[in-house]
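Working notes for the structure below.
Just so it is clear, none of the values below were taken in a lab; they were calculated from the coordinates. Predicted model only: the values in this text are computed from it and were never measured. When we count neighbours, we look across all protein chains shown, and the Cβ atoms used for this are built from the backbone with ideal geometry, even at glycine.
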């Protein structure tokens, strides 16, 4: 059965109080809860996306021995708000020869694709909007809207830079989807299910139970996933679609103001989502480092903090990689995907399948401790 | 109530976008409306309780087919294909004369009547069939069916796809002079 946030909350006593407030109308109450939490999560993720731009500048400044933004607020932390105000008040310019309909549609599609993935992102094992049976599959599927939006943004601008950026972006996103999906598939194989609840339930307790340390193949799969995810979100060293030294700014060259802001925000939130999926699939997500049957709301909040810590650590690595590695060439990009990552991912999948059959799905830690 | 509402939304999205695909003159816009229509169909599957099929619909069509179509349209000229010709009513791009329209209309009528006949008989068999409010997991069932009952069809189709992949690689390979 599909677990949802409402079915999780309904086990507490205050749910009955809320229910009587809503005049025993369960549908209305469920709708209100979803609405409130969707608002919270979208707001939170928009803030994380905004802070992502700040973190990017600050960390790059650290790496390049500069100071970075330090004027707006303490340590310049309000810089992203200032940027947001600037973007909203800027003039919204559209190229005269642009395809109006597609030009307006592209940034929306990017945001829709990214925000839809948040519905299944597991903040803790209770706080998850909808723990679908097909959770991780849904996430992969719906995030392909971002690929369409990159392509459309490039096409609709009617500019050569945008066009090249959009073409590169679309081909890169569909290519790197393959190793990423196969790596995720090998984890589904180990967990025996595609819902985040099942996947997290298998990794409870100490870090040795994480899927990262389950077996050697899963260990490699994490790195394949991470490299592929960097490319899928157009991050350096795979940021060819928006390579500023050759394409001005790639598929969003012609976008101004908040429409550009939508693309940028979608990219930063997508990085966050990808890191969150990585931490949920391989690093145990929000699981506590000890197993307990005790379940109260504050403990769930601790889980949220653990999940955020792991995710933001991965986020830091993404930014770190961006400012330390040079950009690839287009042919290198494609050969890395098709000649290295995809074969390694398929090898991992077969290896995981063999491991599940030979060792009955036990992890290395379980085998060493002689558990049966 | 909520599921019915979602069903109506998905159905109107599907039909509305399908009509838009037919009447839009710009082929790129048609592609995008097709995307909306396919998402609507995924919504229909989801409201009927077939979550795996719904997600597969989005995965295959939105992530693969529509991007492929956009690529194909763009490589063959894109917006130069805006048609200036008009049909009988002056609504859509011209695609035929009154004979083709006549044949199409009669075929459509026959299809419509057959479908009505089929749907009527279905409602007789399931008189109180409601929309699926309970969503049991379909993933496990589909997996079991694929590797037990339909394993031959499954393997044959994967061999066919592998053949298509190898064929595409051979066609696209640079020829030696």
**Prompt:** For a label point 7 angstrom out from the Cα of residue A:64 toward its Cβ, which stretches of the range A:212-253 have the backbone nitrogen within less than 14 Å?
**Reply:** A:244-245
**Message:** If I model the range A:188-238 as equal point scatterers sitting on the Cα atoms and use the Debye formula, what is log10 I(q)/I(0) at q = 0.30 Å⁻¹?
**Reply:** -1.07
**Request:** Enter the Cα centre distance for the pair the range A:45-119 and the range A:328-372, rounded to the nearest angstrom.
**Result:** 36 Å
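Using 0.36 nm times the number of residues separating residue A:91 and residue A:13, minus their current alpha carbon distance, what extension gain do you get?
Once the chain is fully extended between residue A:91 and residue A:13, it gains 22.9 nm.
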**Complete:** The Rg/Rh figure for chain A, Cα atoms and Kirkwood Rh, to two decimals is 0.99
**Request:** Percent of Cα-Cα pairs per 5 Å bin, from 0 to the last occupied bin, for the range B:137-177, please list those.
**Result:** 5, 21, 14, 15, 12, 10, 8, 6, 4, 3, 1, 0
**Request:** Count, for each residue of A:163-170, the Cβ atoms from other chains sitting within 10 Å of its Cβ, then give me the mean as a whole number.
**Result:** 1
**Asked** What FRET efficiency would be calculated for the residue pair residue A:78, residue A:116, taking the C-beta separation as r and a Förster radius of 30 Å, to the nearest 0.05?
**Response** 0.55
**Message:** If I stretch the segment between residue A:21 and residue A:305 completely, what's the gain in nm (0.36 nm per residue apart, minus their alpha carbon distance), one decimal?
**Reply:** 99.2 nm
**Prompt:** Taking 0.36 nm per intervening residue step and subtracting the Cα-Cα distance, what contour gain separates residue B:72 from residue B:8 on full extension?
**Reply:** 19.8 nm
**Asked** Which distance in nm do the two modelled labels at residue A:329 and residue B:60 give, with both placed 7 Å along the Cα-to-Cβ direction?
**Response** 3.9 nm
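Counting helices only, and only those DSSP H runs with n ≥ 4, report the 222 nm mean residue ellipticity of the protein assembly as shown as the sum of -39,500 (n - 2.57) divided by its residues, in deg cm²/dmol to the nearest 500.
On the way: 23 runs with 359 residues, N = 549.
About -21500 deg cm²/dmol.
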**Complete:** Per the 1/(1 + (r/R0)^6) rule, R0 = 60 Å and r from the Cβ atoms of residue A:100 and residue A:354, FRET efficiency to 0.05 is 0.65
